[in-house]
Every structure is written in C-alpha cells, then in structure tokens.
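Asks: Handing you this structure, nothing more for now.
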Amino acid sequence: MNRPARLAVGVVSAGRVGSVLGAALARAGHTVVAASGLSAASLNRAERLLPGVPLLPPDEVVRRADLVLLALPDDALPGMVRGLAATESVRPGQIVVHTSGAYGVDVLAPATEVGALPLALHPVLTFTGREEDLERLASGSIGVTAAAVDEAAWNVGEALAVEMGAEPVRIPEPARALYHAALAHGANHLMTLVADCAEILRTAGIGQPERLVAPLLSAALDNSLRHGDRALTGPVARGDLGTVGKHLDVLSEQAPQVAPAYRALARRTAERSRAAGLLGAAEADALTDLLADPAEGQTP
C-alpha cells in the first residue's frame, strides 16, 4: 500500500469527528492548513486538537486544501458539496473525503464532475472530540468507499485510514445504507439501553449504578461477540414467564417510558432464542403472547 504524498488538509468542519481526524492526519505528517467552525465548542476543539490552524469559511478552507475533509452531519452533506462545486471552490486533482456513514461516494458527484477524487471514510467509533479519541482510532476501523472501478482510489482511501491509525474495511457503495443502519442500531441503541438501565437503578435507590452494571454489560458484549446467540441468557432465553411478567408490571408502573422498549427487545430475544434452539416452540409462543403490546389490541 503506497503512502500518500504529504497533503495540505482542509477540515470542514471542526466538530468532534473533523477535529480528531484532522489531528490524526497531522500526526501522520500531513499539514492541516485551515478549518471551519462557528460554535464555541468547535473553537475550543480546534484550539486543543488543531493548534495554530486558522478558522475560515468553508469555501476558503477548500480552496487551500489538497485533501478536503467534510466532517458534516448527514443531512448537511449534499447541500455543502453542491455549494462548494457551484462556487468553484473544488478543483481538479483534489481529494474530497466525507466521513458520513450513511453515504458512499455518489453524494460527492458534484465534486467528482469537476475532477476531484471522491472518497468516503467513515470511522466506526463514537467520538468525544477529545485527545483520547486519537488513541481509540488505533483499535478501530474505518469504512472505506471509492468508485467501484477505481482501484487507485480504493488504495488511497485505505492508505489514509492506515495513516490515521485505523484498520480499513472496504464497504461497497450499494451496501452503505444497510451498513450504517446496522452500526447505528448497535452503537446508538446500546448507549440508550445502558443509559436506561442506569436510570432505572437510580430510581430504585441504587447508588453508582455504572459500577454495578459495567462488569455485567462488558461480559455480555464479549460473550455475544464470541459466541453469538449461544450466549443468550436471562429470563426470556430461559422461558421464565413469571419473571418476565413481573418485569412488565414493575416497568409499566415505575418506568413506563422504558416498558415499550423492554417489550420489543424481549420479543426479539425470544425470536433469536427460539431460532438458536434455546426455547421450544410452546415457550416462545407463550412469551410472544405475554410480550404483546397492549396498544396493538385496542380499537380506535
């Protein structure tokens, strides 16, 4: 894998992802020549992670750069690309990279049409925008997407990922939407699940719930990744109707905002337990009936 030449990098914008990836590229020997950012948080991150880098409007950032890093929210990305192309900020020969998981390189078509090299580099991490994120890159992956027939572009994307310290994984353009849905379902919903768990424990009067559940949740994650559905445990996987019923009662009474999610996840757990041979058909059917959403049986 050829190492890219030293590049002038422009970061649009200096959010959590952009600041960290800009710092990672600088650490690899590239030069961050400009960044954009308006919020106080962006200014603070830039001062910490991109010291001395001037903050400029996006079009000026792009004009200074050999490698343009578009670290924008998903919904803002298409409009920004169109705007940069329309103002002739993008030039032939530039490398234009976005970090969105939801898009491949098709969203960069306006830049591609003027001769830029399009790449999608999606870091498969959650970011805090702090220095420790740079170290986390070393144990993470970056989903790389380039034009299907452009092997040189794939190689450039992979080399950039390696330079930032991550493992590159090729994600074909048609797979991007499902790829991103899977990652969001796992990571984002896991965080919601953990936060709900800790909140319920605090409601029950249990102090420092994070310390209580950290070993349990860490072991559950490790077992799931190692053993798949064979690692399923707990009252649903055992077909313990009485315990599941008690859970539904107490959650409906004391944590009604969580009860629907418990029902939905328990039904899915019952389906996976049945498919894995942990639950018999009769037990699974009984659980499905118990876990049915009461609202589904109501008539308007």
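Asks: So for the chain: antiparallel DSSP bridges make up what percent, rounded to the nearest 5?
Replies: On the way: 4 of 26 bridges.
Percent antiparallel among DSSP bridges in the chain is about 15.
Asks: Please report, in whole Å, how far the alpha carbons of the chain spread along each principal axis, starting with the longest.
Replies: Here the Cα extents, ordered largest to smallest, are 66, 44, 43 Å.
Asks: May I pose another question? Residues with amide H under 5 Å of residue 167's amide H, sequence separation 5 or more or different chain, H placed in the peptide plane at 1.01 Å from N; which?
Replies: Counting only residues 5 or more places away or on other chains, the set is 140, 141, 142.
Asks: Further, regarding this structure: Find the accessible area per residue for the chain; the probe is 1.4 Å, ligands and nucleic acids are left out, and the unit is Å².
Replies: For the chain, the solvent-accessible area averages 53 Å² per residue.
Asks: Report the full-extension gain for the segment residue 241 to residue 227: residue separation times 0.36 nm, less the Cα-Cα distance, to one decimal in nm.
Replies: On the way: separation 14, 0.36 × 14 = 5.04 nm, distance 2.50 nm.
The span from residue 241 to residue 227 would gain 2.5 nm if fully extended.
Asks: From the C-alpha gyration tensor of region 1-139, pull out the three semi-axes of the equivalent ellipsoid (sqrt of 5λ each), sorted largest to smallest, in whole Å.
Replies: Details: eigenvalues 91, 52, 46 Å².
Largest first, region 1-139 gives 21, 16, 15 Å.
Asks: Once amide H atoms are built 1.01 Å from N in the peptide plane, which residues 5 or more positions from residue 96, or in another chain, come under 5 Å H to H?
Replies: Excluding prolines and chain starts, which carry no amide H, the hits are 68, 117, 119.
Asks: Can you work out the Karplus-derived ³J(HN,Hα) for every residue in region 286-295? Use 6.51 cos²θ - 1.76 cosθ + 1.60 with θ = phi - 60°, whole Hz, and x for glycine or proline.
Replies: 5, 5, 4, 5, 5, 8, 4, 5, x, 5
Asks: Starting from the Cα gyration tensor of region 48-98, multiply each eigenvalue by 5, take the square root, and state the resulting semi-axes largest first in whole Å. Can you show the working numbers first?
Replies: On the way: eigenvalues 65, 41, 21 Å².
Semi-axis lengths for region 48-98 are 18, 14, 10 Å.
Asks: What's the long-distance tail for region 92-244, i.e. % of Cα pairs beyond 29 Å?
Replies: Numbers: 4168 of 11628 pairs.
Percent of Cα pairs beyond 29 Å in region 92-244: 36.
Asks: Ordered by residue, what ³J(HN,Hα) values in Hz, to whole numbers, does region 220-225 give under the Karplus form 6.51 cos²θ - 1.76 cosθ + 1.60, where θ = phi - 60° and Gly and Pro are x?
Replies: For region 220-225, the Karplus-derived couplings read 4, 5, 4, 5, 5, 5 Hz, x marking Gly and Pro.
Asks: So the label point goes 7 Å from the Cα of residue 169 along Cα→C-beta, right? Which residues of region 108-122 then have their backbone N under 11 Å from it?
Replies: In region 108-122, the label zone of residue 169 (backbone N under 11 Å from the point 7 Å along Cα→Cβ) covers no residue.
Asks: Still on this structure, please answer the following. Take each of the peptides 127-136, 16-25, average the number of other beta-carbon atoms within 10 Å over its residues, and list them starting from the highest. Present the calculation step by step, with values, prior to reporting the outcome.
Replies: Values: 127-136: 15.0, 16-25: 24.8.
Output ranking for 127-136, 16-25: 16-25, 127-136.
Asks: Starting from the Cα-Cα distance between residue 8 and residue 64, subtract it from 0.36 nm times their residue separation and give me the gain in nm to one decimal.
Replies: Details: separation 56, 0.36 × 56 = 20.16 nm, distance 0.74 nm.
Residue separation times 0.36 nm, minus the Cα-Cα distance, leaves 19.4 nm.
Asks: Another question, then. Using a 1.4 Å probe over the heavy atoms of the protein chains, calculate the carbon and sulfur portion of the accessible area of region 41-158 as a whole percent. Don't jump to the answer; show the numbers that get you there.
Replies: Working: 2780 of 5120 Å².
C and S atoms contribute 54 percent here.
Asks: As an exercise, use a Förster radius of 30 Å and the Cβ-Cβ distance of residue 31 and residue 182 to find the FRET efficiency, rounded to the nearest 0.05.
Replies: 0.25
The values are calculated or read from the model by the stated rules, or taken from the named source; none is laboratory data. Here the structure is a predicted model, which is why all the values come from computation and not from measurement. In this analysis, Cβ positions are derived from the backbone assuming ideal geometry, glycine residues included, and neighbour counts consider all displayed protein chains. Just so you know, the surface numbers come from the protein's heavy atoms only, side chains and all, with ligands and any DNA or RNA stripped out. Shrake-Rupley method; radii C 1.70, N 1.55, O 1.52, S 1.80 Å.
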